[in-house]
Amino acid sequence: MKPLSDYIWQSFNYPTDTLLPEIKLGWDKQSGINRILRSWKTNNDPTTGDCSFKVSIIGFPELLTMNNETTIWRTGPWINGIWFIGVPAMKGVNIMQFELQDNSDEISYSFEMLNSSVYSRLVINSSGLNQRFVWAETTNTWSVFWSFPVDFCDHFSPCGPFGVCDPNPAGFLSDLLEYVDVGIEILIDSQKSPYLKNGSVLQGKLHPLDFHNLEGVLHTFGGWSLKG
């Protein structure tokens, strides 16, 4: 068998949208390869989409979900050599082991199954949702083990610097109204958005200087429109 250095190309270095057990995500400092998960364009179109999942090497290593250059979600730093602080679902998992390597050769994340009869895979979909699947023998289907972001407040900086996010939709809307000012009109229709209920419509004015900060926030709602 050839040593790894003799290979020109390996599929494991280009994992598309799926991370399998013992496959590394992140930077190989020797080869310069950065292994990144990249979503499909749509659920039915396997060409490269806008979303990616990668290891960040700025500060303490962590995992980031990106939509092009915009951060959607982050795991937070690795703690206790066991889990990421922003992914409490990793605590107490006994069917797999997670590993983060940060040394002179690599900065990488991987996972290993502790039971060879259990199968799991991590996927980033076209909407930027990270889903861990586990094979269910009883139904012969892939079952969702966890998904991130969990809710609106799980997104990266949903309320801006020093903001406090309330996962209750009514609480979030009251925070959003604080941004209302002259400029761009916001319309969010509850019939199209899962975050609004009781037939309510949010309408107000958004100051142009705030627009770029809130555009990503409003996009999460769905069913919103802007009028100049």
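Taken together, the values in this text are just the output of simple stated rules run on the coordinates, not laboratory data. Computed from a prediction, not measured in an experiment: that's the story for all the values here. Every residue, glycine among them, receives a Cβ derived from its backbone with ideal geometry; neighbour counts consider all protein chains shown.
Given the residues Leu37, Leu64, Leu19, which is the only one that is in contact with a strand residue (DSSP E or B) (Cβ under 6 Å, 6 or more places away or on another chain), surrounded by fewer than 20 Cβ atoms within 10 Å (Cβ to Cβ) and either in contact (Cβ under 8 Å) with a residue 24 or more places away in the chain or closer than 21 Å to Ser120 by Cα (or both)?
Just a single option satisfies the conditions, and that option is Leu64.
So, in the range 74-90, how many residues would count as being over 16 Å from Asp154 (Cβ atoms) and surrounded by fewer than 17 Cβ atoms within 10 Å (Cβ to Cβ)?
Count: 5.
Is the range 103-110 home to any residue that is in contact with a helix residue (DSSP H, G or I) (Cβ under 8 Å, 6 or more places away or on another chain), of a type outside the set (Phe, Trp, Tyr) and closer than 25 Å to Trp146 by Cα?
The answer is no, given that none of the residues of the range 103-110 is in contact with a helix residue (DSSP H, G or I) (Cβ under 8 Å, 6 or more places away or on another chain), of a type outside the set (Phe, Trp, Tyr) and closer than 25 Å to Trp146 by Cα.
Are there any pairs, at least 6 apart or on different chains, whose C-beta atoms fall under 7 Å, with the first in the range 92-105 and surrounded by 16 or more Cβ atoms within 10 Å (Cβ to Cβ) and the second of a type in the set (Asp, Glu) and in a loop (DSSP other than H, G, I, E, B), and if so, which?
Note: no pairs meet the criteria.
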